[in-house]
Structure formats: C-alpha cells, structure tokens
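Please read the structure below before turning to the comments.
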Amino acid sequence: MTRHVPTYQLYGDKHAESADFWLHCESIPERSRLHDWEIRPHRHAAFFQILYISNGNGEALMNRAYRRFDAPAAIFVPPGAVHGFRFSPDISGLVVTVLRDRLDRLTAGDRNLAAFARTPHLLADADDVAPRAVDALARIAAELAGHALGRWTMLDALVTAALIEFARAGATHAGQTPPPDGLDRGRMEALGALIGAHFREHRPVGFYADRLGISAAHLNRIARRATGRSVSQLLTLRLVEEARRDLVFTFLPAQSIALSLGFSDPAYFSRFFRKQTGLTPGAFRERERARLKF
C-alpha cells in the first residue's frame, strides 16, 4: 500500500487554515521544536522553499532518500516535491516559503533555471559557495520584520536574487556550464537589453534581429536554444511581467496600465492578460493584493 503523503501550506497547517500570503519566513527551530525536531514527509503544491542552516546538522529527505547535511548548508525544495527533515536540537537557520507563481515567472524564460527548479537540491558549504544567496535570505528576514519604504518591491527582488544565486552556485558546484557559446550568450544579453528598452512599443521580431545584425530566423533559433522560447514569446512574457507588477504594486487603473504598456485598446489588453494568466487584470489585482495584505 502506498503511504499517504500530506500536502500542506506550511508544515502542520490544515488546508482550511491557509493564510493569504505570497512570502513567509521563519526560523527553523520555530516550527521544528514543536515536532521534536522532525518534520515528517509532506509536500507543498503551491509553494517552493529555500532553507539555510547556519548551525547544527541533520538529514533531509530528497528524491526518496535521506541525505545528511552539516551547517552551513542550503536546501531548495520545488513545488510538489515530497520532503522531510530530521534536525539536531542545536539547529538554527531560516526557511523561506514562496508562492510558486514567482518561480513560474522566473523560470519561464530561462531553460537552465527551469531545469534547476524542477528538482530538490542540497548545497554544502553555503557560506562559501553561495554567499550572495545566504545574504539575500538574511535580508528577506530583516525586510519582513520591518515596515520600510518599498519593502514588498525589495522582497520581490531579494527572492529573485536568492533563487538565481542558489541556482548559479548549484550549477558551478556540479561542474555545469550554460549551453550557449560566448557569441550566442552575448547576443542573448543584447536581446534582453533591447527588449527592456522597446517591449512597450510592440516591435516585430525583425526589429530586434536588425539591431543585432542577424536574421529573424537565426535570432529565434538562438533564443530557443537559450530559453526554450521564441523572441515573440519572450516579449509576451515581459509584457505580462510588467502588467503583473503594475497591477500589484501601483494604484493605476487597468486602462492606464494598458496604455503605458503600448495597448491602445484596454479591452484588448484585458483579453491578452487573461489569455496569459487565466485571470482578468482586476481579478489578478484583487487576488495578489489579498495575499500581500494591502
């Protein structure tokens, strides 16, 4: 008989007790001491987690097997992955829990980051191999504890930084290198800068290809190799990302956001946004602001 593995928001919380949040941070002892330092196997359908262990040791259930760790260490748990922990009583550190749509947004345009985010990872010697990731986690805890100006925008950036730095450290630790060659990598960086400067203008792929001195077909091949997506899809992702950010972090009406993103017809913008996210701009804003407790 297959053993049932419970699905929680946070370990021990029942479905009916779920809170409206997109980001949570607590010390590891805060919850584990309530369970005799053992977090039994479970999963989170809607969240991913990053743990930083600054003191102590233990075992982490990853990919159906327990792996030992000693501080300083960092652990990444993707959404849906069965995991559990056995901590020593002197354990200390942080666990950051993040709504999975942040992960989906970050990995949508980066094939390598998406590959990293599909499986759990344990990174030993985190202080040495991933100091920027560790610093970002500490800053997340500090920002959540205060009420500084722009803290939600800062937290969004810190979560992004922690995840990317952790993925970079994991790839370096495993001896992996990004697949694009130097020339293609340079072109992708240039494309990213061009998209950032012109995505509101709704330019065709040929515009970007001309600026880079290559054909549109060649540019699309480079983009697909690097990200798994065409240039048009990357442009769409950027528009959706900016729309999401403006809907949550500004009080501009959806019509004004549409115009600022180059949509002359607000009704068309609403249809575009719903096709990409499954929600109208108004419904998305309402849901996300409830999670951020605006």
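Pair-distance distribution of region 182-292: all C-alpha pairs, bin width 10 Å, starting at 0; shares per bin in whole percent are 14, 42, 27, 16, 2.
Rounded to whole numbers, the Karplus 3J(HN,Hα) couplings from phi for region 52-61 are 10, 9, 9, 7, x, 8, x, 9, 10, 7 Hz, using 6.51 cos²θ - 1.76 cosθ + 1.60 with θ = phi - 60°, and x at Gly and Pro. Couplings 3J(HN,Hα) of region 75-90, computed from phi: 9, 10, 10, x, x, x, 7, 6, 8, x, 9, 10, 9, 6, x, 8 Hz, in residue order, whole Hz [Karplus 6.51 cos²θ - 1.76 cosθ + 1.60, θ = phi - 60°; x for Gly and Pro]. Report, for the chain, the % of DSSP beta bridges that are antiparallel, rounded to 5. Close to 95 percent. Identify, among Leu149, Gly278, Phe116, the residue whose Cα sits farthest towards the positive end of the charge dipole of the chain, taking +1 on the Cβ of Lys and Arg and -1 on the Cβ of Asp and Glu, with the dipole about the Cα centre. Farthest towards the positive end: Gly278. Relative to the longest principal axis of the Cα atoms of the chain, the long axis of helix 281-292 makes an angle of roughly 30 degrees. For region 129-139, 3J(HN,Hα) computed residue by residue from phi via the Karplus equation (6.51, -1.76, 1.60; θ = phi - 60°) reads 8, 9, x, 6, 5, 4, 4, 4, 5, 5, 5 Hz, glycine and proline entered as x.
Between amide H atoms placed 1.01 Å from N, distances below 5 Å from Ser54 occur with Ser92, Gly93, Leu94, all of them 5 or more places distant or on a separate chain. Of the residues Arg31, Arg100, Arg203, which exhibits the maximal mean-square fluctuation in a Gaussian network model of the chain defined by a 10 Å Cα contact cut-off? Top of the fluctuation ranking is Arg203.
Would you work out the charge dipole size for the chain about its Cα centre, treating the Cβ of every Lys and Arg as +1 and the Cβ of every Asp and Glu as -1, and quote it to the nearest 20 debye?
Numbers: 39 positive and 31 negative charges, 213 e Å.
Roughly 1020 debye, rounded to the nearest 20.
The magnitude of the dipole of region 15-173, with charges of +1 and -1 set on the Cβ of Lys/Arg and Asp/Glu and taken from the Cα centre, is near 480 debye. For region 211-294, a crude dipole built from +1 on the beta carbon of Lys and Arg and -1 on the beta carbon of Asp and Glu, taken about the Cα centre, is about 380 debye to the nearest 20. Under a 5 Å amide H cut-off, with hydrogens placed 1.01 Å from N, Arg67 pairs with Ala60, Leu61, Met62 among residues at least 5 apart or on other chains. Against the chain, whose longest principal axis is taken from its Cα atoms, helix 266-277 shows a tilt of about 40°. Structure remark: mean-square fluctuation, Gaussian network model of the chain, C-alpha springs under 10 Å; the largest value among Ile214, Ile222, Ile39 belongs to Ile214. Our summary gives region 15-173 a relative contact order of 24 percent, counting only alpha carbon pairs under 8 angstrom and 6 or more residues apart.
Any read-out appearing in this document is the output of simple, stated calculations on the displayed coordinates, not a laboratory observation. The shown structure was predicted, so the numbers you read here are calculated from the model rather than taken from an experiment. Neighbour counts are summed over all protein chains in view; Cβ atoms, including those assigned to glycine, are modelled from backbone coordinates with ideal geometry.
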